[in-house]
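Okay, structure first, notes after.
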Amino acid sequence: MHRPLIWFSAAFAVGCGLALFGASVPLIAAVLVLAASIVVGKLVSPALPVCVLLAGLACGLTYSNAYHSYITDPVSELEGLSQRMTVTATDFAVQYEDNQRIEVRVDGADVGLKTGFRTLVYLPLTEEEIKPGDEITGKFEFYISGLREGFDRESYYRSQGYFVLASVNKETEITITPPERRPLSYYPKLLAQNLRSVFAQYGTERQAAFWNALATGDKANLTTTDRDHLRKAGLSHVIALSGLHVGFLISLLLFVFGRKIGTALCIPALVAFYLMVGWSPSVVRACIMYGILLLGFWVRRQSDSMNSLFAALLVILVILPDSLASASLQLSFAATFGILCFASRIRQLLMLPKRAPKLVKRLYRIPMDAVVCAISSTVITAPVLLYHFGYLSVFSALSNLLALWAVSLVFPLLFIGGIIGLFAPAAATALLTPAGWLTDYVLWVSDRTAELPYGLLYCENSGDFIFAVAFSAIAALLLWKGSRRVLAAGVPLLVLTVVGISVWRGTAAQNDLRISVLSEGSGQAIVVSCGEQAALIDCSGSGYHNAAEDVAAYLDWYGIDSLDLVILTSVDLGHARNVCELIRQIPVERVILPQINRENKEPYPEVIQTLEALHIPYEKLAPEIESAIGDTSLGLSVLGTVERKLVVRIQSEDQDIVTVHALTQNMLLELTDQTPLTCDTLLVSGGFSENTEKMQELLRRIAPTQIVLQSGWESGTDYCGIPIVNPYYTGQIDWKTERD
């Protein structure tokens with residue numbers, strides 16, 4: 001059997017996957033019996049692959065179930081425990097406005113477990129900075145994070161090795177105790193923090209944020225706009241620590257110290273880099289693969305890259321079986337697998353003629369490798385990207401061609417310049433200044449690519465996903481088996497097909513009506529767009545939400561540069577908290593407010609002051625009957641008479657949505673007494689269910705078929721049998737009406 005490790009590792013991964021979906025002892029027993037029957041039957045060599053596959057499957061199932069029983073489940077059962085104890089910080093804290101999050105190590109004996117474990121703790125802000133190795137004493141409350149904003153946080157944290165989370169109440173006394181001697185394993189974290197300090201001194205705020213992400217994996221300071229533009233351009237892998245960064249590090253050491261000394265330094269450098277950036281399946285995968293490659297150099301034996309890839313997968317799953325559910329591992333493995341399978345064939349197709357000058361060939365190889373890697377990895381990663389994120393960057397090959405050469409130069413400049421900056425600040429300028437120029441160029445490429453029309457191909461339903469899987473399978477088969485002539489015609493055809501589908505779907509969707517209810521806790525922000533027209537209903541977030549940032553990011557993502565209309569259903573903090581910030585960023589043509597009947601009692605006066613200062617026209621509306629507002633393509637209207645409040649309807653061929661988020665139960669009863677109100681979807685706040693009898697009467701009058709509950713604290717499945725959807729849990733809610 002050729003390369004049995006690959007078959008065993010793949011089957012082991014399948015076994016871990018089955019265990020994640022609940023497969024347990026009965027299935028394991030069946031697999032073992034089948035494997036035993038094959039072995040005992042003394043079947044000849046053709047059965048060997050079957051034996052290896054069954055052995056891998058059985059081992060994966062058995063090991064993963066045992067891991068869950070003896071490690072994962074006991075830690076998860078700590079949910080609800082509240083106890084005063086001392087934990088050890090393993091990293092620096094990520095600070096927010098009113099709290100901070102830090103990774104810690106918990107001694108298992110303190111909570112009745114045989115082994116310790118890692119977790120994330122949310123703490124109040126402390127006067128002194130917490131450093132790796134510091135002991136934190138306080139009363140910790142353990143919990144498991146669930147579904148929020150459409151994101152399954154429990155599965156995500158489990159895939160990162162956090163089986164339970166913890167928090168410390170603001171009123172709890174916290175003691176920070178530095179160790180007498182800080183363990184050496186924490187010094188790479190200290191180096192990363194020092195590098196971030198150097199970057200902050202030599203780069204602009206935007207440059208430093210990019211440098212932190214590229215060199216240390218800290219993406220906390222990246223703006224939402226930069227994150228989104230990198231995603232749209234297909235360059236998000238640049239700031240997601242992976243094999244790309246490990247490859248840069250190895251290349252740097254080999255270039256500076258030569259092959260012999262550089263190889264000797266690379267192994268400890270890989271360990272230090274892992275300790276610096278922390279656990280990440282993609283980094284572990286890359287470190288193992290490069291470690292095997294370097295050991296091959298050292299003993300003068302050529303390593304098998306495909307074997308190394310599957311060996312890395314096996315090691316990662318042994319360390320943490322739940323990491324199989326990690327998008328980071330799936331994308332890293334799929335991208336590397338695609339490059340190993342197809343890169344050499346595409347490279348042969350794109351090579352220059354033999355008679356071309358050597359210098360031209362060397363210069364040509366840089367852009368060629370970027371294109372080759374982008375195409376070969378996308379063939380395998382496309383279904384994974386569509387499954388996890390719902391979109392695919394169409395122009396990723398172009399952006400990688402333009403930007404990767406610069407990123408490959410920025411990385412070594414950052415490491416060398418950052419380390420020099422710790423000892424000789426003047427000398428660091430010579431390296432970090434050009435790093436800043438190159439960073440500006442990379443971000444410029446990201447911004448310009450993100451602005452290209454039809455740059456994203458969305459997966460809107462299961463049919464789209466099935467088509468994507470089938471298309472990727474055909475492309476993989478073509479690249480694997482196709483002759484040179486077939487590849488010469490097939491590769492451009494595949495690229496043009498993807499671009500063509502994106503343009504076709506983007507053009508067809510230009511006149512579609514899109515209604516999006518953003519997830520803003522108990523606040524409200526609804527964006528309605530059609531073609532070049534766009535309107536916003538309210539702009540307020542609660543908790544850690546900033547509706548202005550969320551709306552600006554939404555508009556930027558869909559290429560909308562201005563708002564034709566902003567409607568505030570109430571001029572208070574619950575509906576206009578962030579509108580002033582938004583209208584300072586985004587051009588707004590017109591604003592509609594509710595009529596205020598009390599003289600000199602203008603609520604939240606900052607809104608009016610900001611509108612007048614920016615010379616934005618506004619109108620105070622008090623309609624007696626339903627009246628249309630804005631462009632007719634948006635289907636907006638205001639209905640009824642309610643003091644200081646507006647009720648807005650959004651209507652299309654297949655949607656009838658009404659928001660009464662600003663109204664109390666009594667206000668809504670008064671409105672429906674005066675004017676009949678019916679709709680398919682009713683948007684309400686948490687106060688809608690304050691009085692059960694009144695709620696039942698309102699539901700009888702309005703008769704909605706669905707309720708959108710915009711609340712960050714109240715949950716439920718239905719009101720009187722009418723299903724509830726809460727964007728706080730499900731994430732952004734979208735309706736789309738196709739129009740010719």
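Summary of values
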read-out	value
Any hit, segment 328-341, residues being free of Cβ contacts under 8 Å to residues at least 24 places away in the same chain and over 20 Å from V498 (Cα atoms)	no
Subset of segment 670-685 that is β-branched (V, I, T) and modelled with pLDDT of 90 or more - its residue that is farthest from the chain's Cα centre (by Cα)	T672
Out of L222, L195, L252, sole residue that is closer than 19 Å to V410 by Cβ, in contact (Cβ under 8 Å) with a residue 60 or more places away in the chain and within 29 Å of the chain's Cα centre (by Cα)	L195
Residue ranges of strands (runs of 3 or more DSSP E) in segment 86-186 with at least 3 members of a type in the set (D, E)	none
Of all residues in segment 116-157 being of a type in the set (D, E) and in contact (Cβ under 8 Å) with a residue 60 or more places away in the chain, the one that is surrounded by the fewest Cβ atoms within 10 Å (Cβ to Cβ)	E149
Extreme residue, farthest from the chain's Cα centre (by Cα), among residues of segment 83-115 that are surrounded by 14 or more Cβ atoms within 10 Å (Cβ to Cβ) and hydroxyl-bearing (S, T, Y)	T86
Top-ranked residue of segment 243-297 - restricted to ones that are in a helix (DSSP H, G or I), of a type in the set (F, W, Y) and out of contact with any Phe, Trp or Tyr (no Cβ under 8 Å at 6 or more places or on another chain), ranked as farthest from L190 (Cα to Cα)	F297
Filter pass, V528 being part of a strand (DSSP E or B) and not polar (S, T, N, Q)	yes
Among the candidates A220, A213, A208, residue that is among the small types (G, A, S) and surrounded by fewer than 20 Cβ atoms within 10 Å (Cβ to Cβ)	A220
Some residue of segment 19-36 being modelled with pLDDT of 80 or more and exposed (fewer than 15 other Cβ atoms within 10 Å of the Cβ)	no
L265 surrounded by fewer than 20 Cβ atoms within 10 Å (Cβ to Cβ), in contact with a helix residue (DSSP H, G or I) (Cβ under 8 Å, 6 or more places away or on another chain) and closer than 23 Å to T119 by Cβ	no
Scan of segment 460-477 for residues that are exposed (fewer than 11 other Cβ atoms within 10 Å of the Cβ) and either in contact (Cβ under 8 Å) with a residue 12 or more places away in the chain or among the hydroxyl-bearing types (S, T, Y) (or both), ordered by number	S462
Residue under evaluation S303, criteria (1) in contact with a Phe, Trp or Tyr (Cβ under 9 Å, 6 or more places away or on another chain); (2) assigned to a helix (DSSP H, G or I); (3) at pLDDT below 85; (4) closer than 29 Å to M368 by Cβ, criterion not met	(2)
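The values are calculated or read from the model by the stated rules, or taken from the named source; none is laboratory data. Please read these numbers as outputs of a predicted model, since none were measured by experiment. Methodologically, a virtual Cβ is constructed for each residue, glycine included, from the backbone with ideal geometry; neighbour enumeration extends over all protein chains shown.
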